[in-house]
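Worksheet: the structure to be examined is printed underneath.
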Amino acid sequence: MATTHEPIQAPARESSAPAFDVKRIREDFPILKQKVHGRPLVYLDNAATSQKPAKVIEAILRFYTHDCSNVHRGVHLLSERATEAYEGARIKVQRFLNAFDWREIVFVRGTTEGINLVAQTYGRRNVRAGDEVLITAMEHHSNIVPWQILCEEKGAHLRVAPINDRGELIVEEFEKLLNARTRLVAAAHVSNALGSINPVRQIVQMAHAINVPVLLDGAQATPHMKVDVQELGCDFYAFSGHKVFGPTGIGALYAKAELLEAMPPFQGGGDMISSVTFEKTIYNDIPYKFEAGTPNIADVYGLGAALDYVNQVGLANIASYEHALLSYATEAIQQIPGVRIIGTAREKAGVISFVLEGVHAHDVGTILDREGIAVRTGHHCAQPVMDRFGVPATVRASLAFYNTKQEINALAAGIQRVKALFG
């Protein structure tokens, strides 16, 4: 059946936030109170997934204990409550990204699914043999593989703009790769492996100058800075709820309404239709045309609560605090003999990726874990980045606004202990 429910209006994107107090904020995250191997947890794996404030956990529990019902399809009270909260969360995402219209927000499982949706709908309809898709050398596999699949299917070519030794996009080379055959640009807003912040506004302007649409992978940007898709001018923007202190398995894709209207459905099934006969199906209006089947309702509740929480803390507060913490951590770690930081861009988010001379990254991570310190080791789903810097893997410490200087000190001391063990 067709969906005619109109979302309720949500609170403004960000309210006046109180002064930043990291000690108070840490009280909101139950998991941070635990010990690991008998030591206080130092969680520095936020680029992989962030921890969840109690309000997010409570929101999911509220759905299952109070509102549990399917959305859009019922006239009973539980369904009406669930639908109101579900569509209210869509408005919160709209406000969070400053999208022009709530219809431009499609719920997906995360950034990966959002990118695949664009590749398999807009891409399949608009990319043909001999065409080109342009990405950068710092992309996550999720912004490489979908375009490889599309290009292989269509006989198109994937072009890669290089990065310099600091891990920054070489803008002049990117511009040279834009041409009459380019059909789409797809770029990370922030690199997950390096922390580099791409000049995305400039990327969009250069691409739009020759009428090429731009998709931005916002998975690593939305937890750390304000994102305004109207100001950026991008055509698509995808992010994951679990990176921005919400649940796993939920995220959102922003796409300009006129593009969504012209794109074919991604999947077929219930709720993405207006009418079905054996002879013909009429698709639902956007964004529902792209949301087949029963959605992840509980985690949409959680995502809405996460965005409320981030707005309450204040993205300006978060960005300022994390910038100072990143500077402190960078100085502390680069002073350790034998450590080489991979990715030293002048514009960075809270990621420090490094190697320790004579010690494999996995060994560093294993020993740090025994100290209660959680970091990520490996290629971080960015193998071409590792190849670019000539390393098989790095240790990645990634920050969030609940991390502290004391935790950075613990990390530095842990690295020193690793050095001592390996002599």
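The values are calculated or read from the model by the stated rules, or taken from the named source; none is laboratory data. Quick caveat: nothing in here was measured; it's all calculated off a predicted structure. Methodologically, a virtual Cβ is constructed for each residue, glycine included, from the backbone with ideal geometry; neighbour enumeration extends over all protein chains shown.
The condition (being at positive phi and in contact with a strand residue (DSSP E or B) (Cβ under 7 Å, 6 or more places away or on another chain)) is satisfied by just one residue among GLY241, GLY338: GLY338. Scanning the range 181-208 for residues that are surrounded by fewer than 24 Cβ atoms within 10 Å (Cβ to Cβ) and of a type outside the set (A, V, I, L, M) gives ARG181, THR182, ARG183, PRO199, ARG201, GLN202, GLN205, HIS208.
Of the residues GLU80, GLU104, the single one that is assigned by TED's automatic domain parsing to the domain that holds LEU307 and free of Cβ contacts under 8 Å to residues at least 12 places away in the same chain is GLU80. Evaluate the range 224-236: report whether one residue or more is surrounded by fewer than 21 Cβ atoms within 10 Å (Cβ to Cβ), among the polar types (S, T, N, Q) and farther than 16 Å from ASN98 by Cα. Scanning the range 224-236, I find no residue that is surrounded by fewer than 21 Cβ atoms within 10 Å (Cβ to Cβ), among the polar types (S, T, N, Q) and farther than 16 Å from ASN98 by Cα, so the answer is no.
When ALA420, ALA400, ALA412 are checked against the criterion of being modelled with pLDDT under 95 and out of contact with any His (no Cβ under 7 Å at 6 or more places or on another chain), a single residue qualifies: ALA420.
Yes/no matrix, rows are residues, columns are (1) farther than 23 Å from VAL22 by Cβ; (2) of a type in the set (Phe, Trp, Tyr):
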{"residue": "LYS243", "(1), (2)": "no, no"}
{"residue": "LYS256", "(1), (2)": "yes, no"}
{"residue": "PRO265", "(1), (2)": "yes, no"}
{"residue": "MET272", "(1), (2)": "yes, no"}
{"residue": "THR277", "(1), (2)": "yes, no"}
{"residue": "PRO287", "(1), (2)": "yes, no"}
{"residue": "ALA298", "(1), (2)": "yes, no"}
{"residue": "TYR301", "(1), (2)": "yes, yes"}
{"residue": "GLN312", "(1), (2)": "no, no"}
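Counting only strands (runs of 3 or more DSSP E) wholly contained in the range 296-381, no element carries 2 or more residues that are in the same structural domain as ASN192 (by TED's automatic domain parsing), surrounded by fewer than 22 Cβ atoms within 10 Å (Cβ to Cβ) and acidic (Asp, Glu).
Criterion applied to LEU61, LEU44 was being farther than 25 Å from ARG376 by Cβ and out of contact with any Leu (no Cβ under 6 Å at 6 or more places or on another chain), and the one residue passing it is LEU61.
Of all residues in the range 382-399, those satisfying the criterion of being buried (at least 17 other Cβ atoms within 10 Å of the Cβ) and part of a loop (DSSP other than H, G, I, E, B) are ALA382, ALA393, LEU399. Note on the range 105-126: residues that are surrounded by fewer than 22 Cβ atoms within 10 Å (Cβ to Cβ) and of a type in the set (A, V, I, L, M, F, W, C) total 0. Within the range 413-423, being in contact with a helix residue (DSSP H, G or I) (Cβ under 8 Å, 6 or more places away or on another chain) and surrounded by fewer than 17 Cβ atoms within 10 Å (Cβ to Cβ) holds for ARG417, LEU421, PHE422. Of the residues VAL118, VAL133, the single one that is at pLDDT 95 or above, in a strand (DSSP E or B) and not assigned by TED's automatic domain parsing to the domain that holds ALA349 is VAL133.
Considering the range 66-84, the residues that are surrounded by fewer than 21 Cβ atoms within 10 Å (Cβ to Cβ) and of a type in the set (A, V, I, L, M, F, W, C) include one that is nearest to VAL310 (Cα to Cα), namely CYS68. Being more than 13 Å from the chain's Cα centre (by Cα), basic (Lys, Arg) and either crowded, with 23+ Cβ neighbours inside 10 Å or closer than 20 Å to GLU291 by Cβ (or both) is a description that does not apply to LYS243. For the range 267-280, indicate whether the set of residues that are under 21 Å from THR112 (Cβ atoms) and either surrounded by 23 or more Cβ atoms within 10 Å (Cβ to Cβ) or in contact with a Leu (Cβ under 6 Å, 6 or more places away or on another chain) (or both) is non-empty. Scanning the range 267-280, I find no residue that is under 21 Å from THR112 (Cβ atoms) and either surrounded by 23 or more Cβ atoms within 10 Å (Cβ to Cβ) or in contact with a Leu (Cβ under 6 Å, 6 or more places away or on another chain) (or both), so the answer is no.
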